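First the structure, then my questions, so here it is.
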């Protein structure tokens, strides 16, 4: 198993969106509604309770930590406060989410992509991607809609401001 860290959406950024209802770095309004799909929230990485949780959908650039040229993705967070995910592996609560793992190198070059068939195959896929020395980070995306979920960094890699 590869040693990696899970990097969810930054809590401060989430509070700015909740307060302004604007996408960070864009002039786009954020959209608030009742969850009609399980999500997950990009801050706590817990699935939304369909028909019960309110969520905020907004435009976010998951590459802003690495590249100056934006490549935005829609993301969603809980409308109200939630606890930032701090685990060292992708949470088991996401076992039902079909995931695509995109391993990127310098200049946002896509080095490797895997779509594990089951949650049980996830760690092996992450390990294979991080075995490639040119991979700097992995973006986890929801295979169904392509939305950014979280970033994975090698354990011990320097943390950049979110």
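Could you calculate the contour length gain from residue 37 to residue 93, that is, 0.36 nm times the residue separation minus the distance between their Cα atoms, to one decimal place in nm?
Gain in length upon complete extension: 18.7 nm.
To make sure I understand, if each residue's beta carbon is the centre and we count other beta carbons within 10 Å, what order do 55, 22 fall in, fewest to most?
22, 55
Moving to a separate point now. Out of 139, 78, 64, any idea which swings most in a Gaussian network model of the chain, alpha carbons joined below 10 Å?
Of the options given, 64 has the highest mean-square fluctuation.
Hey, another quick one. Report the gain in length on full extension from residue 155 to residue 119: 0.36 nm times residue separation, minus Cα-Cα distance, nm rounded to one decimal.
Roughly 10.9 nm would be gained on extension.
Given Cα positions, please report Rg to Rh for segment 10-78, the hydrodynamic radius being the Kirkwood one.
A ratio of 0.97.
Divide by every residue of the chain the summed helix terms, -39500 (n - 2.57) for each DSSP H run of at least 4, and state the resulting mean residue ellipticity at 222 nm, rounded to the nearest 500 deg cm²/dmol.
Per the formula, -3500 deg cm²/dmol.
Related question: Counting other beta carbons within 10 Å of each residue's own, what order do 73, 20 fall into, fewest first?
The order, fewest Cβ neighbours first, is 20, 73.
Coordinate-derived values only; no laboratory data. Quick caveat, the model's predicted, so the values are computed rather than measured. Cβ: placed from backbone, ideal geometry, glycine included. Neighbour counts: every protein chain shown.
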